[in-house]
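Colleague: Input: one structure, supplied below.
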Amino acid sequence: MFVFLFFLLLQMTQGTEIENQTAVTEFFFSVFPDLEEGGLLFFIPLLVIYGFIITGNLVIFVVIRLDPALHNPMYFFISVLSFLEIWYTTTTIPKMLTNLISVQKTVSIAGCLLQMYFFHSLGISEGCLLTAMAIDRYVAICKPLHYPTIVTPRLCAQLTAGSCLCGFLLVLPEIVWISTLPFCGPNQIHQIFCDFTPVLNLACTDTSLIVIVDAIHAAEILASFLVIALSYIRVILVILSIPSVEGRHKAFSTCAAHIAVFLLFFGSVSLMYLRFSATYSVFWDTAIAITFVVLAPFLNPIIYSLRNKEMKEAIRKFLCPQK
């Protein structure tokens with residue numbers, strides 16, 4: 001954070017060199033087709049997917065809150081993840097839907113910065129929460145006798161608050177720095193949402209600081225990935241050492257969904273943000289972005305509802321209550 005504040009002060013003291021140039025007030029998304037060029041063909045399935053994401057995560061959140069049988073740390077974290085997922089997708093997909101059917105596929109600079117801030121803040125919060133969920137499963141499987149005394153409701157609340165605090169504070173200095181940059185044209189964003197690299201490429205000044213930004217992002221992603229991966233590797237080794245087949249199956253069923261979501265989330269994020277100097281075509285950039293903006297949130301409710309017997313039973317009772 002101190003590095004960002006230093007460069008921010010440096011940027012503010014340099015002044016601007018674009019007095020005779022026209023300042024850009026909005027950005028244009030160039031990757032969306034016009035309505036007459038097939039925009040409606042993308043709009044309808046995306047709208048259905050967005051509706052499913054919101055409904056699925058909302059059902060999971062409400063069911064976990066209402067069913068006393070699901071009042072334990074594992075389901076508490078799942079409910080928080082579902083809640084974050086609702087807002088995570090809402091920062092990008094509604095704007096994407098608007099761009100598919102509107103003539104003006106633009107966004108103001110302030111709107112673009114807000115989208116970047118909330119998208120990355122919620123994404124980092126989810127990554128931190130997935131780390132907390134991995135630690136929870138590690139303690140539950142590897143130290144079952146100490147689990148009730150270690151993973152207390154207070155600790156769960158602290159981990160959740162820490163995840164959100166970490167997410168919303170880490171991105172703030174970077175957004176403040178970008179807000180001080182001059183934009184004088186061109187104004188075309190070759191991506192489906194506002195992201196750091198596409199926006200920084202439009203700045204009319206030196207943005208070599210992006211190398212430091214990329215390094216910080218990579219360190220954050222790799223740190224979370226290593227903690228989660230090591231936790232689940234240890235969990236799998238302990239499960240494989242269980243003598244009975246039934247015991248192994250029961251133990252593995254409690255963390256299978258977590259592992260699937262972890263691989264899906266960090267796999268797509270790594271493709272997008274651990275590329276370093278590698279560049280992709282606009283097509284592959286868009287495809288990768290769709291994977292973690294649309295596909296991953298779409299699959300998460302399916303994974304948590306279909307891979308978990310208790311969750312399926314709770315959802316069935318919620319949707320089809322019996323007298």
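The values are calculated or read from the model by the stated rules, or taken from the named source; none is laboratory data. Nothing here was measured: the structure is a model prediction, and the numbers come from that model. Cβ atoms come from the backbone with ideal geometry, glycine included; neighbour counts cover every protein chain shown. Remember, those area values only see protein heavy atoms, side chains included, never the ligands or the DNA or RNA. Shrake-Rupley method; radii C 1.70, N 1.55, O 1.52, S 1.80 Å.
Colleague: Could you give every pair whose Cβ atoms fall below 7 Å, whose first residue belongs to the stretch 78-106 and is without any contact (Cβ under 8 Å) to a residue 24 or more places away in the chain, and whose second residue is open to solvent by less than 30 Å² (accessible area, probe 1.4 Å), counting only separations of at least 6 or pairs across chains?
Modeller: Filtered contacts from the stretch 78-106: S79/I60; S79/I64.
Colleague: Of everything in the stretch 296-317, what is touching a Lys or Arg at 6+ places or on another chain (Cβ under 9 Å) and open to solvent by 30 Å² or more (accessible area, probe 1.4 Å)? Give them in sequence order.
Modeller: Of everything in the stretch 296-317, just one residue is touching a Lys or Arg at 6+ places or on another chain (Cβ under 9 Å) and open to solvent by 30 Å² or more (accessible area, probe 1.4 Å), namely L306.
Colleague: Tally time: how many residues in the stretch 167-183 are open to solvent by 30 Å² or more (accessible area, probe 1.4 Å) and either out of contact with any helix residue (DSSP H, G or I) (no Cβ under 8 Å at 6 or more places or on another chain) or among the hydroxyl-bearing types (S, T, Y) (or both)? Break it down into steps so the answer makes sense when it comes.
Modeller: So the first thing to find is which residues in the stretch 167-183 are open to solvent by 30 Å² or more (accessible area, probe 1.4 Å), and the list is 168-170, 172, 176, 179-180.
Subset that is either out of contact with any helix residue (DSSP H, G or I) (no Cβ under 8 Å at 6 or more places or on another chain) or among the hydroxyl-bearing types (S, T, Y) (or both): 169, 179-180.
Number of matching residues: 3.
Colleague: A further question on this structure: Can you tell me which of I290, I221 is open to solvent by 20 Å² or more (accessible area, probe 1.4 Å), touching a helix residue (DSSP H, G or I) at 6+ places or on another chain (Cβ under 8 Å) and of a type in the set (A, V, I, L, M)? Can you show your working first?
Modeller: Details: I290 fails: touching a helix residue (DSSP H, G or I) at 6+ places or on another chain (Cβ under 8 Å).
Testing whether each residue is open to solvent by 20 Å² or more (accessible area, probe 1.4 Å), touching a helix residue (DSSP H, G or I) at 6+ places or on another chain (Cβ under 8 Å) and of a type in the set (A, V, I, L, M) leaves just I221.
Colleague: For the stretch 166-205, how many residues meet the condition of being over 20 Å from Y88 (Cα atoms) and either of a type in the set (A, V, I, L, M, F, W, C) or touching a Pro at 6+ places or on another chain (Cβ under 7 Å) (or both)?
Modeller: Going through the stretch 166-205 one residue at a time, the tally reaches 13.
Colleague: If you don't mind, there's one more thing I want to ask. Condition (residue is under 25 Å from L47 (Cβ atoms), touching a residue at least 24 places away in the same chain (Cβ under 8 Å) and open to solvent by less than 30 Å² (accessible area, probe 1.4 Å)) applied to the stretch 245-260: is it met by at least one residue? Steps first, answer last, please.
Modeller: Step one: of the stretch 245-260, the residues under 25 Å from L47 (Cβ atoms) are none.
Taking every residue of the stretch 245-260 in turn, none turns out to be under 25 Å from L47 (Cβ atoms), touching a residue at least 24 places away in the same chain (Cβ under 8 Å) and open to solvent by less than 30 Å² (accessible area, probe 1.4 Å).
Colleague: Among (1) open to solvent by less than 30 Å² (accessible area, probe 1.4 Å); (2) touching a residue at least 60 places away in the same chain (Cβ under 8 Å), which single condition is I124 missing?
Modeller: It is condition (1) that I124 fails.
Colleague: While we're on this one: List the residue pairs whose Cβ atoms are under 7 Å apart, where the first residue sits in the stretch 225-239 and is over 17 Å from Y273 (Cβ atoms), the second is open to solvent by 60 Å² or more (accessible area, probe 1.4 Å), and the two are 6 or more positions apart or on different chains.
Modeller: Within 7 Å, the pairs are S231/I135; S231/Y138; R234/Y138; V235/Y138; I239/R248; I239/F252.
Colleague: Shifting gears a bit: Residues being within 17 Å of the chain's Cα centre (by Cα) and loosely packed, with under 13 Cβ neighbours inside 10 Å: count how many of those fall in the stretch 129-164.
Modeller: 1
Colleague: Which residue is surrounded by the most Cβ atoms within 10 Å (Cβ to Cβ), if the candidates are limited to the stretch 43-83 and must be part of a helix (DSSP H, G or I) and polar (S, T, N, Q)? Reasoning before the result, please.
Modeller: Pass one, the stretch 43-83, residues part of a helix (DSSP H, G or I): 43-66, 68-70, 73-83.
From the residues that got through so far, the ones that are polar (S, T, N, Q) too are 55, 57, 79, 82.
Details: T55: 12, N57: 25, S79: 21, S82: 23.
Once the filter is applied, the top-ranked residue is N57.
Colleague: Okay, next question. Does the stretch 102-114 include one or more residues that are assigned to a strand (DSSP E or B) and of a type outside the set (A, V, I, L, M)?
Modeller: Yes, that holds for at least one residue.
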